[in-house]
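The values are calculated or read from the model by the stated rules, or taken from the named source; none is laboratory data. What you see is a predicted model, and the numbers here were worked out from it, not measured in a lab. Neighbour counts run over all protein chains shown; Cβ positions are idealised from the backbone, glycine included.
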């Protein structure tokens, strides 16, 4: 009887060892889909798809930047809106092209959220942590000012 209980407990533990990592992976895949550290690729895609570009300008040590990634960018409504309407790029402003672009874009605080038109002209910016509802309004406002050709 004890052997039967022990075997059942062992099976449950084994099952949990496989289920927990898989469920954690599926949760982490949701959210805004970002191109990492490639402004050139974002511009190329924006021109091809005629979409605006949303830039998350961050630093790896920045607490509010981490909160944006963990909370705001994982929100279902925000991610659906941004994935549908923008080319999204996350730029580490202290690596690669980040310092040059940071100077060009006059970034003085992290996080800085930027929206550019398909030609790379700055349309709107925001600094600091913002919740998902504010992020959606930020994007809608930028798109509403879009020039009709």
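A quick yes/no check of all residues on (1) within 11 Å of the chain's Cα centre (by Cα); (2) surrounded by fewer than 17 Cβ atoms within 10 Å (Cβ to Cβ); (3) modelled with pLDDT under 95:
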{"residue": "63", "(1), (2), (3)": "no, yes, no"}
{"residue": "76", "(1), (2), (3)": "no, yes, no"}
{"residue": "97", "(1), (2), (3)": "no, yes, yes"}
{"residue": "101", "(1), (2), (3)": "no, no, no"}
{"residue": "149", "(1), (2), (3)": "no, yes, yes"}
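Condition first: outside any strand (DSSP E or B), touching a strand residue (DSSP E or B) at 6+ places or on another chain (Cβ under 6 Å) and touching a residue at least 40 places away in the same chain (Cβ under 8 Å). Can you find one or more residues in segment 86-93 that meet it? No, because not a single residue in segment 86-93 is outside any strand (DSSP E or B), touching a strand residue (DSSP E or B) at 6+ places or on another chain (Cβ under 6 Å) and touching a residue at least 40 places away in the same chain (Cβ under 8 Å). Of all the numbered requirements in (1) closer than 15 Å to residue 55 by Cα; (2) free of Cβ contacts under 8 Å to residues at least 60 places away in the same chain, residue 119 misses one, and that requirement is (2).
Residue-wise test of (1) touching a helix residue (DSSP H, G or I) at 6+ places or on another chain (Cβ under 9 Å); (2) touching a residue at least 60 places away in the same chain (Cβ under 8 Å); (3) in a helix (DSSP H, G or I).
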{"position": "41", "(1), (2), (3)": "no, no, yes"}
{"position": "60", "(1), (2), (3)": "yes, no, no"}
{"position": "66", "(1), (2), (3)": "no, no, yes"}
{"position": "69", "(1), (2), (3)": "no, no, yes"}
{"position": "77", "(1), (2), (3)": "yes, no, yes"}
{"position": "84", "(1), (2), (3)": "no, no, yes"}
{"position": "95", "(1), (2), (3)": "no, no, no"}
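The set of residues from segment 135-148 being in contact with a strand residue (DSSP E or B) (Cβ under 8 Å, 6 or more places away or on another chain) and part of a helix (DSSP H, G or I) comprises 135, 138, 139, 141, 142, 143. Filtering 68, 114 for residues that are crowded, with 19+ Cβ neighbours inside 10 Å and within 18 Å of residue 144 (Cα to Cα) leaves a single hit, 114.
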